[in-house]
1. How far apart, in nanometres, would the label points at Lys71 and Thr168 be if each is projected 7 angstrom from Cα along the Cα-to-Cβ direction?
2. Can you check how the C-alpha radius of gyration of the chain compares to 2.2 N^0.38 Å, as a plain ratio?
3. I'd like the chymotrypsin sites (Phe, Trp or Tyr not before Pro) in segment 10-54 restricted to DSSP loop residues with at most 16 other Cβ atoms within 10 Å, sorted by number.
4. Per residue, how much accessible area does segment 1-134 have with a 1.4 Å probe, in Å²?
5. Using a Förster distance of 41 angstrom, determine the FRET efficiency expected from the C-beta separation of Arg63 and Asp146, and round it to 0.05.
6. Multiply the residue gap between Glu102 and Ala115 by 0.36 nm, knock off their C-alpha separation, and tell me the result in nm, one decimal place.
7. At 1.4 Å probe size, with the rest of the protein present, what percent of the exposed accessible area of segment 67-181 is carbon and sulfur atoms?
8. Do the sum for the chain: with -39,500 (n - 2.57) for every DSSP H run of n ≥ 4, divided by all residues, what is the mean residue ellipticity at 222 nm, to the nearest 500 deg cm²/dmol?
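The values are calculated or read from the model by the stated rules, or taken from the named source; none is laboratory data. Computed from a predicted structure; not experimentally measured. Positions of Cβ are backbone-derived with ideal geometry, glycine not excepted, and every protein chain shown enters the neighbour counts. Areas reflect the complete protein model, heavy atoms only, side chains present, ligands, DNA and RNA absent. Shrake-Rupley method; radii C 1.70, N 1.55, O 1.52, S 1.80 Å.
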Amino acid sequence: MKTFYIVRHAKAEGQPFSAKLTDRGRKQAQMLIAFFKDKEINRIYSSPFVRALETIKPLAESRNLNIIEDKRLGERVLSSVNYEDWQDKLKESFSDFELVFEGGESHSSGMERAASILKDLIASEEDHIVLVSHGNLSTLLLRYFDEKVGFDHLMKMSNPDVYEIKGTHEGAVWKRIWSGE
């Protein structure tokens, strides 16, 4: 049985690639060490975004594990334009998977990235894998296992957040396991 832990990054200063964790986010990243204390981890994969790497670095160091950066875990960019009604536009993209806003990525394209890394890891030797990503892409990673996951799930996610997915050849079950701040 494979176990995936989908980790949404801790509280960050913003959305750009280089946005770092806030003071609170750094404390949350430290909390992940105790949170994962009784959970086996074979590999850690992370979005290359700074906030994702900073979120998982304390846990990786505490376990003496390398962080494998994978751009497929990078956030799905809705648009290069800052829309005031961005949340409405995001919701639209969950209804129309081919919708693309200027400088953005469609839901379908993001889903292809999520499926690509998951298929690779399902076929891998590791059985306990942490994937560190962002809200939108974490939603798509969950959606790979359950097509009911969508916009409402994304809007309920916290920073950080952790989901556990247990899977066999017969299917997968997932649940939110984070209960921290």
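1. 3.8 nm
2. Scaled against compact globular proteins, the figure is 0.98.
3. Working: sites: Phe17, Phe35, Phe36, Tyr45, Phe49; in loops: Phe17, Phe36, Phe49.
Passing both the DSSP loop test and the Cβ count: Phe17.
4. Working: 6990 Å² over 134 residues.
Here the residues of segment 1-134 average 52 Å² of exposed surface.
5. 0.90
6. Values: separation 13, 0.36 × 13 = 4.68 nm, distance 2.38 nm.
2.3 nm is the gain from fully extending Glu102 to Ala115.
7. Details: 2780 of 6000 Å².
Answer for segment 67-181: carbon and sulfur cover 46 percent of the accessible area.
8. On the way: 6 runs with 70 residues, N = 181.
Theoretical 222 nm ellipticity from helices: -12000 deg cm²/dmol.
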